[in-house]
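Quick notes on the structure that follows.
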Amino acid sequence: MKKRVLGMLGVGTALALPSTEAAAQTSQRPNVIFILADDVGYGDLSCYGEKTVKTPNVEALASRGIRFTDAHAVAATSTPSRYSILTGEYAWRRPDTGVAPGDAGMIIKPEQATLADIFKNAGYKTAAVGKWHLGLGNETGKQDWNNLITPGLADIGFDYSYIMAATGDRVPCVFVENQRVVNLDPNDPIQVSYSAPFAGEPTGKTHPELLTVQRPSHGHDQAVVNGISRIGYMKGGRSALWNDQYIADSITAKAVKFIEENSNHPFFLYFATNDIHVPRVPHPRFVGKSGMGPRGDAILEFDWSVGELMKTLDKLGLTENTIVVLTSDNGPVVDDGYQDQAVELLGKHRPWGPFRGGKYSNFEAGTRIPFLISWPDKVKKGVSNALISQVDLFASFANLLDAKVDGNAAPDSKNLLPVLLGKNENGREYVIEQAGALSITTGEWKYIEPSNRNTYDKYTNTELGNSKEPQLYKIKKDRAEKTNLAAQHPDKVETLGKLLNAEKVKR
Ligand code: NG6
Ligand code: CA
């Protein structure tokens, strides 16, 4: 099937020029780096007022760019959130975008237009490095991990990829570079299953004595890899297993190398960290440094990765003409399934900032995420209170690159380029967010649709924000969603409910 990206207005002209001139034109285009943290909350970064953990590199980025205070992920978990960033489509429009197992088939179909396609079609070199979590191969459970895994990231716009298939806590625990498992010994092939254990292979449940590095607090009792039990079963591939302490080092090194190799060519780097997702096993040089155990230490490690990328840009003279977007896929969680002392050592730290809920929640902390953008050449530094959603990155960058996008692509993405570049604060009229139920916020008001789902998750200690009754909060003032005003403002409930329902039936 044909891709839905039709071509680039600007590139057509550039290609018609003599090649040196064309190259010069191309070289003026800004490089773009997306740094997508995992589970980093609004309150986890010192540039958002956090006092316990210092994140100086992120702070440096914030101080030379724009810090958004009302930015939203589309969903309160990874897979749907990432799906929406890369496709410009609300994940809840598709039933198959929930948290993906490690053997999920490709969720973004090769015929869909992606953010990476936009850049690639504009002549950029494109790369995805780090956590993927959007499936690989044609069909769930049918991948051959011992050969070229196809379709893969090359089919959705990435020239280069070095990824973890899913998450740190899901098998297979290997890096996949350009759709092949790294360091695989053909005599020890990998098998993966999400349905049944492999005969003779120990699991966390059957062999807890093997859990020498971290034990689960809930779930995570299947394959044992590096003294940690995970989700899913895996056999073989011993030479290919990642070393948990070195994940940040490995992916940061690959990202740095990609930048270095493309210093003379515009590039788009999608850098998705494993930090600070569970299992949190930062490198020993960060261990004990935050005083908050592995969760805090992983925040320091994340900050280090950011610093390495920025240092590389500085060294290559690329800082001025590189747009860096830093954000997180969903809100924070403290105990996400391992006994890593995150709860015990949290102290006064508030990962969710002034908001209620957290990862998995319809309450604000689930999807109100940190969001920074810097482009020293063009963007004045400051703070923006504009209402924006990650789903808008697609149309905004398409606009920056003058890309002509087919009408069916990125249906939910709005061009907010002037807002992202700090020219004004005319953000969205409303944003829709997903955490089981849907909610809609105008920045002023927030409405959470009624739902029969659980109100509380005892394992992660999360208020999920579900209620059988409609909920209406004056989110601008009542940031902790303390007072449900639905009964006092039935008109607001009706207007927002109608807006939400109209969005649901679109397309
Ligand atoms: C949950 C996992 C959690 C995390 C999450 C996905 C259990 C008990 N919990 O099911 O640890 O992996 O899925 O997180 O298995 S996300 O940030 O990638 O969406
Ligand atoms: Ca996440």
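The values are calculated or read from the model by the stated rules, or taken from the named source; none is laboratory data. Just so you know, these numbers come straight off a predicted model, no measurement behind them. All Cβ positions, even for glycine, are placed from backbone atoms using ideal geometry, and neighbour counts span all protein chains on display. Side chains are part of the model used for accessible areas, which takes the heavy atoms of the whole protein and leaves out ligands, DNA and RNA. Shrake-Rupley method; radii C 1.70, N 1.55, O 1.52, S 1.80 Å.
Just give me the residues in segment 85-112 being over 29 Å from ASN146 (Cβ atoms) and either out of contact with any Phe, Trp or Tyr (no Cβ under 8 Å at 6 or more places or on another chain) or among the basic types (Lys, Arg) (or both), in sequence order.
In the first step, residues of segment 85-112 are kept if they are over 29 Å from ASN146 (Cβ atoms); the result is 85, 87-95.
Passing the criteria: TYR90, TRP92, ARG93, ARG94, PRO95.
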Exercise for review: Output the residues belonging to segment 183-233 that are part of a loop (DSSP other than H, G, I, E, B), of a type in the set (Ser, Thr, Tyr) and within 16 Å of GLN339 (Cα to Cα).
Suggested key: THR212, SER217
Check your understanding: PHE302 passes all but one of (1) more than 16 Å from ligand 2 (Cβ to nearest atom); (2) closer than 30 Å to THR52 by Cα; which number fails?
Key -> (1)
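If you check LEU241 against the conditions, is it open to solvent by 30 Å² or more (accessible area, probe 1.4 Å), more than 20 Å from SER46 (Cβ to Cβ) and in contact with a Cys (Cβ under 7 Å, 6 or more places away or on another chain)? Before you say what the answer is, go through the steps one by one.
Details: open to solvent by 30 Å² or more (accessible area, probe 1.4 Å): yes; more than 20 Å from SER46 (Cβ to Cβ): yes; in contact with a Cys (Cβ under 7 Å, 6 or more places away or on another chain): yes.
Answer is yes for this residue.
Here is a check on your reading of the model: is ILE228 more than 16 Å from ligand 1 (Cβ to nearest atom), at pLDDT 95 or above, in contact with a strand residue (DSSP E or B) (Cβ under 8 Å, 6 or more places away or on another chain) and open to solvent by less than 10 Å² (accessible area, probe 1.4 Å)? Explain how you work it out, then say what you get.
Working: more than 16 Å from ligand 1 (Cβ to nearest atom): no; at pLDDT 95 or above: yes; in contact with a strand residue (DSSP E or B) (Cβ under 8 Å, 6 or more places away or on another chain): yes; open to solvent by less than 10 Å² (accessible area, probe 1.4 Å): yes.
The answer is no for ILE228.
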Practice item. Kindly indicate whether any position in segment 45-58 is modelled with pLDDT under 95, under 28 Å from LEU464 (Cβ atoms) and either among the small types (Gly, Ala, Ser) or not in a loop (DSSP other than H, G, I, E, B) (or both). Key: yes
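Restricting to segment 67-108, what's the tally of residues that are away from ligand 2 (no atom under 16 Å from the Cβ) and either assigned to a loop (DSSP other than H, G, I, E, B) or closer than 25 Å to GLY358 by Cβ (or both)? If you could, list the steps in order and put the result at the bottom.
Residues of segment 67-108 away from ligand 2 (no atom under 16 Å from the Cβ): 67-70, 87-90, 92-96, 103, 105-106, 108.
From what's left, either assigned to a loop (DSSP other than H, G, I, E, B) or closer than 25 Å to GLY358 by Cβ (or both): 67-70, 88-90, 92-96, 103, 105-106, 108.
Here the count works out to 16.
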Study note, to complete from the structure: The condition of being within 22 Å of PHE268 (Cα to Cα) and aliphatic (A, V, I, L, M) holds, among ALA100, ALA104, ALA122, only for ALA122
Point to revise | Sole residue being at pLDDT 95 or above, more than 24 Å from the chain's Cα centre (by Cα) and either buried (at least 20 other Cβ atoms within 10 Å of the Cβ) or of a type in the set (Asp, Glu) (or both), chosen from VAL192, VAL213, VAL181, VAL176 | key: VAL192
